[in-house]
Amino acid sequence: MATFLSYNELSQLSSPIPNLTENIGDNPIRPLVMKALERLSAVSAEISAYETASEPTAKVAALGRATGILEEINSHIVPEIMEPEKQIIHQIIENWRQLIWRNFMV
């Protein structure tokens, strides 16, 4: 999650997110946190679609879908997550929203 917080360019969001369930080891992740991370992976896929799209409408649509997923995470998953993960996921969402918003404005 620290890596997700460090992103400062939209292109970083399109980096593939590894399969987290394979790398849990002895440090279990709470199911709702895992769900949020899986949805962040969907955001990453939309940003990848944005980067590969050639049509402006396809680019805007991908950014819109990514924003929608972030809103879904924030409104349906984050409220159920316990601290300290709740605050971390919320910060990731806000950071990613800002990165996406900057590209809507370009």
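The values are calculated or read from the model by the stated rules, or taken from the named source; none is laboratory data. This is a predicted model, so every value here is computed, not measured. Here Cβ is always computed from backbone atoms with ideal geometry, including for glycine, and neighbour counts include all displayed protein chains. With ligands, DNA and RNA removed, areas are computed over all heavy atoms of the protein, side chains included. Shrake-Rupley method; radii C 1.70, N 1.55, O 1.52, S 1.80 Å.
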Next on the checklist: Can you give me the orientation-averaged projected area of the convex hull built on the Cα atoms of the chain, in nm²?
Outcome noted: 6.5 nm²
Checklist outcome for this item: In the chain, taking the dipole from +1 charges on Lys and Arg beta carbons and -1 charges on Asp and Glu beta carbons about the Cα centre, the listed residue (TRP101, ALA36, HIS90) farthest towards the positive end is TRP101
Checklist outcome for this item: Expressed as a percent, the accessible surface of the chain that is carbon or sulfur, using a 1.4 Å probe and the full set of protein chains, is 54 percent
Item to check | Residue of GLU55, GLU71, GLU94 that the Gaussian network model of the chain assigns the largest fluctuation, springs spanning Cα pairs under 10 Å | outcome: GLU55
Checklist entry - If you place +1 on the Cβ of every Lys and Arg and -1 on the Cβ of every Asp and Glu, how big does the dipole about the Cα centre of the chain come out, in debye to the nearest 20? => result 200 debye
